Amino acid sequence: MKYIYGPVKSRRLGLSLGMTLTPYKVCSFDCIYCQLGKTTEKTIQRKVYIKIEEIIEELKLWLANNVEVAKNLNYITLSGSGEPTLNIGIGELLLEIKRISSLPVAVITNSSLLVEATVREALLLADLILPSLDAVNQKIFERIDRPLEGINLEEIIEGLVKLRKEFRGKLWLEVMLVKGINDDLRQIKKLKAVIEKINPDKIQLNSPVRTTSEPNILAVTKAKLEKIKEILGDKCEVI
Ligand code: SF4
């Protein structure tokens, strides 16, 4: 299989069958904490990186050969080794998955393209969207996510607010916290105000535990994560 991997047991999604929509590390960000290593192509250009027919053919084959495993899947997850919304066919892919399967579909995104109405519209058939937002200050955002030049944090936030209003499914916002970079409590209070505007169903706090793109990326202590969780309120959980 070239585009489908797993299923993997994940803390956030249970048993999830992964699907990649881009070649390795084609992404609009180059996050310092990325577990996949350095971004090889940093871009915001949407195009057919991988043909949707090819992904669907693989999925059909996988489902035919794994009838019993498929019964236990919690999600088919569009994520993989790059930013999935860069594939211009993501809406068509969601439609095709819904045609051949009744499994819930999740999309993991770095939120960079959500300001585009066509991208938000393409995601409407998903059951769950897991966007990320690591900072509410442009400088901190650039330091942690290393976005393509020109990507504006205000626009990302605007895209998230609009997505929440348009999307009927579940929205779980992920915040990846790195010690000394985006875990300052004054910033967390500003983050809280922005999250209230976005109004996700859940806020999931994460901190790097595996090998990261850059060396010396430190996880936030469990005690501090709990403190931040307390500040962010009831919908927040540490994953
Ligand atoms: S957005 Fe995701 S895939 Fe892209 S660099 Fe960041 S962690 Fe890696």
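Any read-out appearing in this document is the output of simple, stated calculations on the displayed coordinates, not a laboratory observation. Predicted model only: the values in this text are computed from it and were never measured. Positions of Cβ are generated from backbone atoms using ideal geometry, with glycine treated the same way; all protein chains shown enter the neighbour counts.
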Long-range amide H partners of Thr77, meaning residues 5 or more apart or on another chain whose placed amide H is closer than 5 Å, are Leu17, Gly18, Met19, Ala106
Ranked from highest to lowest mean number of other Cβ atoms within 10 Å per residue, what is the order of the peptides 151-163, 39-51?
151-163, 39-51
So, how do all the Cα-to-Cα distances of the chain break down into 10 Å bins, in percent, from 0 on up?
7, 33, 38, 18, 3, 0
Residue separation times 0.36 nm, minus the C-alpha to C-alpha distance between Lys60 and Lys170: what's the value?
37.0 nm
What Cys residues in the chain have no fellow cysteine's beta-carbon under 4.7 angstrom?
Cys27, Cys236
Once Lys and Arg are counted +1 and Asp and Glu -1 for all other residues with Cβ under 9 Å from that of Asp134, the total becomes -2
Within the under-14-Å Cβ sphere about Leu125, not counting Leu125, Lys/Arg +1 and Asp/Glu -1 give a net charge of 0
Packing-ranked peptide list from 6-15, 19-28, highest mean Cβ count within 10 angstrom first, is 19-28, 6-15
Under a cut-off of 16 Å between alpha-carbon atoms, report the lysines in cross-link reach of Lys25, not counting same-chain residues fewer than 8 places apart.
Lys2, Lys38, Lys42, Lys47
Of the listed peptides 80-93, 199-212, what is their order by residue-averaged count of other C-beta atoms within 10 Å, with the highest listed first?
80-93, 199-212
Can you tally the net charge around Cys34? Count Lys and Arg as +1, Asp and Glu as -1, for every other residue whose Cβ sits under 12 Å from the Cβ of Cys34.
0
